[in-house]
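J.: Submitted below is the structure of interest, expressed as structure tokens.
Here, each number is a calculation from the coordinates, and none is a lab measurement. The structure displayed is predicted, hence computed values, not measured ones. Virtual Cβ from ideal backbone geometry, glycine too; neighbours counted across all protein chains shown.
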Amino acid sequence: MSENENMQNNTYLTFYLDEELFGLNIQVVREVLEYTPITRVPMTADFMRGVINVRGHVVPVVDLRRKFGLAEAEQTVSTCIIIVEMEIEGEASTMGALVDGVQEVLEIPPDQIEAAPRLGSRIDTRFIQGIGKLSDQFVIILDIQAIFSTEELSMLADINQQEDNQES
């Protein structure tokens, strides 16, 4: 592994949900978009906010607050959508994650990341890759693949498949 690849593996996009700091490995993040109106898709899970158009492609948007069982929040100028790429049923798929606001991109050395504690977290620890320690705060590092069940991933794949069928 090259030094550049190793640095990217330890680089995280940090964002806020309910005043707590979270991180996603930069390798799964494609871009960050300002909040844009989301078209609701009927008969989907509560956390599934709907879809947006990203340069002509339909992208499903998941509200991470709802997914984690956090209280609803009003949209602000900081509210944004993180576009991530994940693997669903062996294929790359794009998804948007609605968050309260993005902070910055940080490099967190592996020796500053500990396993998720078993107690006290409002979020299921299966979703957490680790806890990054910074000088004055912690970053909850999420595993975007683990956040969704097989059924939920299948639902996201179906939305992406519908997009592909419409383009044909």
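J.: Multiplying the sequence separation of ASN10 and THR36 by 0.36 nm and subtracting their Cα-Cα distance, what value in nm do you get?
T.: 6.4 nm
J.: Something else about it: Assuming R0 = 22 Å, what is the FRET efficiency of GLU85 and ARG126, from their Cβ-Cβ distance, to the nearest 0.05?
T.: Values: r = 21 Å, r/R0 = 0.95.
Using R0 = 22 Å, I get an efficiency of 0.60.
J.: If I take R0 = 41 Å and measure r between the Cβ atoms of ALA45 and ASP136 in this structure, what FRET efficiency does the formula 1/(1 + (r/R0)^6) give, to the nearest 0.05?
T.: 0.70
J.: Taking 0.36 nm per intervening residue step and subtracting the Cα-Cα distance, what contour gain separates ALA73 from ALA92 on full extension?
T.: Net length gain for the segment: 3.8 nm.
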